[in-house]
1. Output the qualifying pairs, or none if there are none: Cβ atoms under 6 angstrom, residues six or more apart or on different chains, first residue in segment 233-245 and of a type in the set (V, I, T), second residue open to solvent by less than 80 Å² (accessible area, probe 1.4 Å).
2. Does L122 satisfy the condition of being at pLDDT below 85 and either assigned to a loop (DSSP other than H, G, I, E, B) or surrounded by 11 or more Cβ atoms within 10 Å (Cβ to Cβ) (or both)?
3. State which residue pairs qualify: first residue aliphatic (A, V, I, L, M) and inside segment 31-50, second residue open to solvent by 80 Å² or more (accessible area, probe 1.4 Å) in any location, beta carbons under 7 Å apart, and separation of 6 or more residues or different chains.
4. Given the criterion among the basic types (K, R), more than 17 Å from the chain's Cα centre (by Cα) and assigned to a loop (DSSP other than H, G, I, E, B), identify the matching residue among R156, R139, R189.
5. Tell me, which residue of segment 84-112 that is open to solvent by 100 Å² or more (accessible area, probe 1.4 Å) and touching a residue at least 24 places away in the same chain (Cβ under 8 Å) is nearest to the chain's Cα centre (by Cα)?
6. Listed residues V110, V82, V145; which is among the β-branched types (V, I, T) and within 28 Å of F64 (Cα to Cα)?
7. In segment 79-97, how many are touching a strand residue (DSSP E or B) at 6+ places or on another chain (Cβ under 6 Å) and part of a loop (DSSP other than H, G, I, E, B)?
8. Could you please let me know if V197 is modelled with pLDDT of 90 or more, farther than 17 Å from L55 by Cα and either open to solvent by less than 90 Å² (accessible area, probe 1.4 Å) or of a type in the set (F, W, Y) (or both)?
Amino acid sequence: GLFLMPLWKVLGKTAAIFRGRALFKTAGVSALLVGIIYALAVIPADFEVAANGKLQPVERRDVFARIDGDVVNVPVRHGQMVNRGDLLAELNSPELSEEFERLLGRQKTVQEKMSSTNKRLLDNNRGGASRLTPYEESRLAGELVEFRQEAENIRREQELFAEKQKRLRVLADEAGQVVTWEVEASLLRRPVQRGQVLMTLANPDGPWELELYVPERRLHHILAPGTTVGRDVTFMLSSHPGQEF
């Protein structure tokens, strides 16, 4: 019936640990535990950090789409070597085709107007049946100047259009190897936007590197000062299962 009797019993048993021989045993066990903890914290030990990643050449260049369009041809394959100027992909742009048709229509209309105006002015100079007044002749001459200026603008637009057409053919800027996996399946008959990465070319004859995706909880081991110099890395390739490099 004593107040807090269970607590007094626990305190009594705990106090017995620190009496007589039990005290030495407790001290020995405690010292051993402290020593083990200290050893684990201070003495270095090797352990492995596992991570997925990829082996790839250091010199890599992304190939970008230079215009919006749909990919209609991909003549290269993964692992293929290409030279500078080789065709990597072909695009089709419905918007560009519509723009070309509009330019042709405008050009035809302007040419017809110029031809008609020139004919009227020429007939007037030859003394035709329907003579033009000085005002009409001046007006037609002014319109002819405007038509010629519009024809020049259309010509410049056609030059820009020709440059856009060239962008539909994606060419290799430098020699290299196509390292994008299943490049045809990922691009063919798919829409792409200007600036989108189509594929990657690499130089297999240059240096190579391992790019590893390490869990964040392991980063402090790898990024610690002095740990990234002279460390051995063992890796296996998915193309060579069971073989270590």
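1. none
2. It is false that L122 is at pLDDT below 85 and either assigned to a loop (DSSP other than H, G, I, E, B) or surrounded by 11 or more Cβ atoms within 10 Å (Cβ to Cβ) (or both).
3. Sorted first by the residue in segment 31-50, then by its partner, the pairs are V49/R218.
4. R189
5. Among them, the one singled out is R84.
6. V82
7. Qualifying residue count, segment 79-97: 3.
8. yes
The values are calculated or read from the model by the stated rules, or taken from the named source; none is laboratory data. Everything quoted here is computed from the prediction, not taken from an experiment. Note that we place each Cβ from the backbone using ideal geometry, even for glycine, and neighbour counts take in every protein chain shown. SASA here: full protein model, heavy atoms, side chains in, ligands and nucleic acids out. Shrake-Rupley method; radii C 1.70, N 1.55, O 1.52, S 1.80 Å.
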